[in-house]
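Single-structure report; data block below.
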Amino acid sequence: MIDHTSPSMVSLNPVKRTPDQLYNNRLYGISRFLWMRQIYSQIQKVKQHFQNFLSPQVYDINSFSWFSGFDIETCLAEIRETAVSLNLQLPLEIVKEIFDYACQTSCTEPKYPHRFWIDQVHQGSLPDGHSVVRALVDEPSNCPAIKQLIHDPILLEIVHRYLQYRPNRITAHLTWSIASNLPETEIQKIYPPTYYHYDIAGYNFMTVYFYITAVQDEYSGPHIMIEKSHLHKPLALLFSGRHPDDLVYRYYSRQQERIILGNAGFGFIQDPSCIHKIKPPVNNHRLLLQLRYS
Ligand SMILES: [Fe+2]
């Protein structure tokens, strides 16, 4: 059974993490190694096989998908080879529903103790003068469209086949990246994902991303990644969390760098153990939905 109602589903916000989660997060560090992620997948595959044999599991999967006709085989081949597959597309009415939810729901920012709404942010600051670079929308899974997406049968099929087991945990994250005129080097100091990095989101994991606001140029907050870096990382990058661009370019060719652009509703599926970053938006806030499977 997919555990999407566990406390961990609703407490990924670092300000609410429990001691158990912090302990688990430290253990997850071993999944920086590809071979560790592969072993974990095999263990889960065997475990789920026997669980199913002893008592057939009932999985909470929708019969309807917004992505019917999506080429699953090509998608899987692309992720295995490059770490990403593009060209998912959400219907515009769903994009609007998620956008409206994000506008009407309170947000938090790590290390800032008060809740706020996105329309209270002006020129990168809240009314009390606190400067804000990102806003995590509260309880994304309370949005009916996101709740439906979490159980989309095509997304779950892709995740199941890539990870080789049914995900034990799914979390949804709806995040505003705040438009800023600050130099990128200044933003990097307070918004770590703007550095090249790779994710550790469990013992094995993958992520589906949807741009809820259009990302059509380098000023609107594109996701940038290094293709094929999920398969190989030099030691200099494997044991550090934030990588300056010049260090990354020392080990990977510029042809491997992919800037992902798309209209509102555009989606892509990634193995986020690849090296990636967000380029901070300049003109308008960027709203991103992430579904993380582990
Ligand atoms: Fe990341």
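The values are calculated or read from the model by the stated rules, or taken from the named source; none is laboratory data. None of the values given here were measured: they were computed from a predicted structure. For accessibility, only protein heavy atoms count, side chains too; no ligands or nucleic acids. Shrake-Rupley method; radii C 1.70, N 1.55, O 1.52, S 1.80 Å.
Computed quantities for the displayed model
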quantity	calculated
Rg/Rh for the chain, where both radii come from Cα atoms and Rh is the Kirkwood radius	0.94
Over the range 7-293, relative contact order from alpha-carbon pairs under 8 Å, at least 6 apart, %	27 percent
Exposure ranking of Leu261, Leu86 by accessible area [1.4 Å probe, largest first]	Leu261, Leu86
Protein accessible area in the chain, 1.4 Å probe - carbon and sulfur %	55 percent
Accessible surface, the range 7-293, averaged per residue in Å² (probe 1.4 Å)	48 Å²
Accessible surface ranking that places the most exposed of His285, His223 first, with a 1.4 angstrom probe	His285, His223
